[in-house]
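Student: Sharing a structure with you now.
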Amino acid sequence: MKLVPCKHLDYEPHYDAELRTDPVFPQVKYWHRTDVHYEGAPVDVQYCKKYGRVNGIYQCYTGELDCYEPCEEG
């Protein structure tokens, strides 16, 4: 499976979360939140400059969301 990040992903260090790398797909970075507001809230998420918080890791790499625009590969 080819995983290409969306160009709208936000990895700037201004979130109250830790930036991690997926152990299975090392090209996938995501945010791990420890301070969530309710039990069962998503802890592994993406942040998007266009959409906001995405409650998952891979949707912004697989193109599942309508707002997905892949980064240009260099």
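Student: In region 43-66, is there at least one residue being in contact with a Lys or Arg (Cβ under 8 Å, 6 or more places away or on another chain) and modelled with pLDDT under 95?
Tutor: No.
Student: If you don't mind, another one. Please work out if Y11 is hydroxyl-bearing (S, T, Y), buried (at least 17 other Cβ atoms within 10 Å of the Cβ) and within 13 Å of the chain's Cα centre (by Cα).
Tutor: In short, no.
Student: In addition: Only one residue in V24, V43 is among the hydrophobic types (A, V, I, L, M, F, W, C) and surrounded by 11 or more Cβ atoms within 10 Å (Cβ to Cβ), so which one is that?
Tutor: V43
Student: Next up: I'd like to verify a number: residues in region 26-56 that are in a loop (DSSP other than H, G, I, E, B) and touching a residue at least 24 places away in the same chain (Cβ under 8 Å), how many?
Tutor: Total satisfying the criteria: 5.
Student: Confirm whether E64 is surrounded by 11 or more Cβ atoms within 10 Å (Cβ to Cβ), of a type in the set (D, E), in a loop (DSSP other than H, G, I, E, B) and out of contact with any helix residue (DSSP H, G or I) (no Cβ under 9 Å at 6 or more places or on another chain).
Tutor: Yes; evaluated as a whole, the condition is true for this residue.
The values are calculated or read from the model by the stated rules, or taken from the named source; none is laboratory data. Remember, it's a predicted structure, so these values are computed and weren't measured experimentally. Quick reminder, even Gly has a Cβ in these numbers, built from the backbone with ideal geometry, and neighbours come from all protein chains shown.
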